[in-house]
Number of protein chains: 2
Amino acid sequence: MGKYISQSVIRRLPKYYRYLRDLEKNGVDRVSSSMLANALGFTASQVRQDFSCFGGFGQQGYGYKVSSLLEELAGIIGINRRHTAAIIGVGNLGRALMHNFHFSHCGFELVAAFDADKNLVGKKFGDVTVSDIADIEKYFAENHVDVAVLTVPKEYVRDVAKKVAGLGISGIWNFTHIDLSLEELGVQVENVHFAESLLTLCYGISLGEKV
Amino acid sequence: MGKYISQSVIRRLPKYYRYLRDLEKNGVDRVSSSMLANALGFTASQVRQDFSCFGGFGQQGYGYKVSSLLEELAGIIGINRRHTAAIIGVGNLGRALMHNFHFSHCGFELVAAFDADKNLVGKKFGDVTVSDIADIEKYFAENHVDVAVLTVPKEYVRDVAKKVAGLGISGIWNFTHIDLSLEELGVQVENVHFAESLLTLCYGISLGEKV
């Protein structure tokens with residue numbers, strides 16, 4: 001760990017992991033770099049290069065054993081580290097995540113959710129009961145939370161981010177439109193950009209249209 | 001158009017676009033490739049190479065004019081083509097998009113939303129009123145819809161995707177956990193993978209932890 005790995009390789013890790021999990025579920029035992037490349041839209045040499053970044057767990061000609069590759073990737077990504085997450089902002093998006101997103105598939109336990117709306121406090125969505133945002137400092141002092149999931153309205157984003165950054169979290173999963181950068185506070189931020197995704201689709205469908 | 005452009009370049013286009021829009025909003029007139037590179041975490045030569053893919057709209061030493069670059073990018077991405085979108089599945093996530101996502105910033109107009117739940121039909125979220133999913137064929141026959149936004153429960157994903165693919169759409173913006181590939185039907189799919197995003201954050205915070 002600690003070795004410099006480029007952002008583009010890091011971005012590919014979850015794709016490998018997700019695809020390999022599907023293969024394992026479907027009982028596939030071994031996979032070649034060209035099969036991985038085809039499925040994921042990378043080149044085979046890119047796949048081999050990526051894996052060599054992490055000590056190269058393959059045998060030329062034999063491909064990779066799916067289960068070992070998964071285990072190695074899980075270790076590299078840190079999925080087995082029992083991270084915890086808390087949602088801040090239980091609006092539609094917060095509730096969608098509480099109901100439908102499998103935090104456990106990413107190695108996270110969703111331990112709490114906070115909102116300022118008294119009508120929501122005490123209500124349960126999925127497995128988690130909403131707490132009053134006023135109690136967040138107390139909760140974070142008594143419980144270890146690695147990641148804050150930000151699903152608050154945009155006018156609260158910066159204040160909430162600053163507050164939770166001071167409460168000992170390591171990361172923010174940011175669903176808001178506001179770009180956050182808190183590296184100087186030692187907090188990693190992963191911004192989920194819906195707009196970038198829709199713009200990519202826009203490009204794709206525009207290509208197919210008559211000019 | 002039609003020229004082959006690699007997936008990784010395409011993925012960077014929306015990032016350029018978003019950042020340049022911010023610059024324009026803040027009254028910045030010109031930007032250099034190294035400034036863009038720093039802000040977005042790319043290398044300056046990557047930026048120059050990307051832009052040269054599209055005919056290279058810059059002057060060595062002077063940088064790029066923000067407004068022209070934006071206009072060019074908007075044209076390449078197809079933002080000015082007045083695409084339309086319809087949401088299918090008005091659960092928490094669908095409602096979050098209807099309330100808070102600016103489709104217009106991506107050049108889309110959200111024209112309709114469909115759900116099977118009779119209690120939702122006729123209700124308005126944001127600017128759009130929910131229609132009965134039973135009326136979707138009629139609606140798509142009478143109105144041009146470019147993109148279907150899939151926010152249905154996973155058991156319905158494949159059926160709904162197949163149905164809308166047959167109704168003349170060009171793209172699916174897929175928020176479900178189910179991977180879709182409908183290229184053979186001429187439908188582009190953009191999958192939004194929350195899990196990949198959280199796994200990327202997982203990697204980032206794991207790196208900083210004591211092993």
Requested in this report: Output the qualifying pairs, or none if there are none: Cβ atoms under 8 angstrom, residues six or more apart or on different chains, first residue in region B:6-31 and basic (Lys, Arg), second residue loosely packed, with under 14 Cβ neighbours inside 10 Å.
Outcome: B:Arg30/B:Tyr62
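Let's see how each residue does on (1) open to solvent by 50 Å² or more (accessible area, probe 1.4 Å); (2) within 16 Å of A:Leu93 (Cβ to Cβ):
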{"position": "A:Val149", "(1), (2)": "no, yes"}
{"position": "A:Val157", "(1), (2)": "no, yes"}
{"position": "A:Lys162", "(1), (2)": "yes, no"}
{"position": "A:Leu185", "(1), (2)": "yes, no"}
{"position": "A:Glu196", "(1), (2)": "no, no"}
Report summary line: The lone condition A:Asn191 fails out of (1) of a type in the set (S, T, N, Q); (2) within 22 Å of the chain's Cα centre (by Cα); (3) buried (at least 19 other Cβ atoms within 10 Å of the Cβ) is (3)
Query raised in the report: Which residues, counting only those in region B:3-42, are farther than 16 Å from B:Tyr64 by Cβ, open to solvent by 50 Å² or more (accessible area, probe 1.4 Å) and not in a helix (DSSP H, G or I)?
Result: B:Lys3, B:Tyr4, B:Gly41
Report summary line: Counting only residues that are open to solvent by 20 Å² or more (accessible area, probe 1.4 Å) and either assigned to a loop (DSSP other than H, G, I, E, B) or under 16 Å from B:Leu20 (Cα atoms) (or both), region B:81-90 contains a total of 1
Query - Qualifying residue in region B:138-152 (condition: touching a residue at least 40 places away in the same chain (Cβ under 8 Å), more than 22 Å from the chain's Cα centre (by Cα) and more than 30 Å from B:Tyr17 (Cβ to Cβ)) - result: yes
Report task. Could you check, for region A:187-199, whether at least one of its residues is among the hydroxyl-bearing types (Ser, Thr, Tyr), touching a Leu at 6+ places or on another chain (Cβ under 9 Å) and closer than 28 Å to B:Leu13 by Cβ? Result -> no
Report summary line: Those residues of region A:171-183 which are surrounded by fewer than 20 Cβ atoms within 10 Å (Cβ to Cβ) and within 16 Å of B:Gly204 (Cα to Cα) amount to A:Leu180, A:Ser181, A:Leu182, A:Glu183
**Report entry** Candidate set: region A:124-147, residues that are open to solvent by less than 20 Å² (accessible area, probe 1.4 Å) and away from every other protein chain (no Cβ under 12 Å); chosen: the one farthest from B:Asn92 (Cα to Cα)
**Finding:** A:Phe140
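The values are calculated or read from the model by the stated rules, or taken from the named source; none is laboratory data. Note that this is a predicted model, so its numbers are computed, not measured. Because the Cβ atoms are built from the backbone with ideal geometry, glycine has one as well, and the counts that use them run over all protein chains shown. These area figures cover heavy atoms from the full protein model, side chains too; ligands, DNA and RNA do not enter into them. Shrake-Rupley method; radii C 1.70, N 1.55, O 1.52, S 1.80 Å.
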